[in-house]
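These notes are about the structure you will find just below.
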Amino acid sequence: MQFIHSHKVIPVFILLLFGFSVNAQKIKRTRGGEIDPMRYEVNPFHMGFTITGDYGKFKITPVQNILSQDSLLSIRTQGFPGFGLGGIMNLRLSSHWHLRALPQLHFEQRNVFFQFKDRTDMIEVESVSFDLPLLVKYRGKRHNNYNLYVIGGTRFTHDFSAKQDKQRGPLIKQIALKKQSVSYEFGFGLDIYTQYFKFSPEIKMSNSITNMISKDSYIYNGSIDFLQTRLFQISFHFE
């Protein structure tokens, strides 16, 4: 993915190091071999870091009169794997309920194909965004060093690569997205208590609920009535 440059990634690694330094402390074991939860269960607030891999695509609803749009026949999308890196802020509300914020940088690419009668135009849509998911986590009863949970909430996104303010024209092949969008997400995961940290693999679905297309009268943006993003995510949390 050509849009990922070192000056954009360096701040993320600083964030990772900060999260690890805050949480890398040894956890005691009980006589039965169970990890003593210590501040995971006692302290109301703790931090960590997360690594996310995902697969993202657009869901596009064309305008109703698409067949009269300059001989345009159809619009289709192609998704690619992406990834995100960031931090975790967790507030324990009770023994089962937690409130979580996961600020992170997210890197994505999607392609959109416009099929005309005489040609096919492909447009690459690259995204470097700051995401802020605000989630509610419900944990079940802990069994030894494992704890299943479900999670859901809202994600707020600011896309630094969005072309909402870029120059547009009939000969410019681009899709202009809005800089801000809102999504809902839900999923499940497993807390695994180790001797040095808590590791949590997690699976989530994320779907935008706002229209991300920045409208204009030119063929590419003008032929799209509603555009949303769909993400299937696998995250690895370290707390």
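Residues with beta-carbon under 12 Å from that of Q164, excluding Q164: net charge, scoring Lys, Arg +1 and Asp, Glu -1?
Working: positive: K163, K166, R168, K178, K179, K215; negative: D159, D165, D216.
Charge balance in the 12 Å sphere: +3.
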Item to complete: Report the local net charge at L148: Lys and Arg +1, Asp and Glu -1, summed over other residues whose C-beta lies under 12 Å from its C-beta.
Response: +2
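Assuming 0.36 nm per residue, please report the length gained on full extension of the stretch H143 to M47 beyond their Cα-Cα distance.
Working: separation 96, 0.36 × 96 = 34.56 nm, distance 2.29 nm.
Between H143 and M47, full extension yields 32.3 nm more.
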Worksheet, complete the sentence: Assertion target for V136, V125, ordered by fewest C-beta neighbours within 10 angstrom first, is V136, V125
Response to the item:
Total charge of the residues flanking T229 in space, meaning their Cβ is under 9 Å from its Cβ, with Lys and Arg +1 and Asp and Glu -1, is +3
Practice prompt. Return the loop-located chymotrypsin sites (Phe, Trp or Tyr not before Pro) in segment 135-170 (DSSP other than H, G, I, E, B) with at most 14 other Cβ atoms within 10 Å of their own Cβ; answer none if there are none.
Written response: F160
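Could you give the length gained on full extension between K173 and D118, defined as 0.36 nm per residue of separation minus the Cα-Cα distance, in nm?
Details: separation 55, 0.36 × 55 = 19.80 nm, distance 1.64 nm.
Gain on extension, K173 to D118, equals 18.2 nm.
Between I192 and I66, 0.36 nm times their residue separation minus their Cα-Cα distance comes to what? Write out the running numbers ahead of the final one.
Numbers: separation 126, 0.36 × 126 = 45.36 nm, distance 5.11 nm.
Full-extension gain reported as 40.3 nm.
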Discussion item. Cut-off 19 Å, label point 7 angstrom out along Cα-to-Cβ of V150: give me the residues of segment 169-200 whose amide nitrogen falls inside.
Written reply: 184-191
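Taken together, the values in this text are just the output of simple stated rules run on the coordinates, not laboratory data. Remember, it's a predicted structure, so these values are computed and weren't measured experimentally. When we count neighbours, we look across all protein chains shown, and the Cβ atoms used for this are built from the backbone with ideal geometry, even at glycine.
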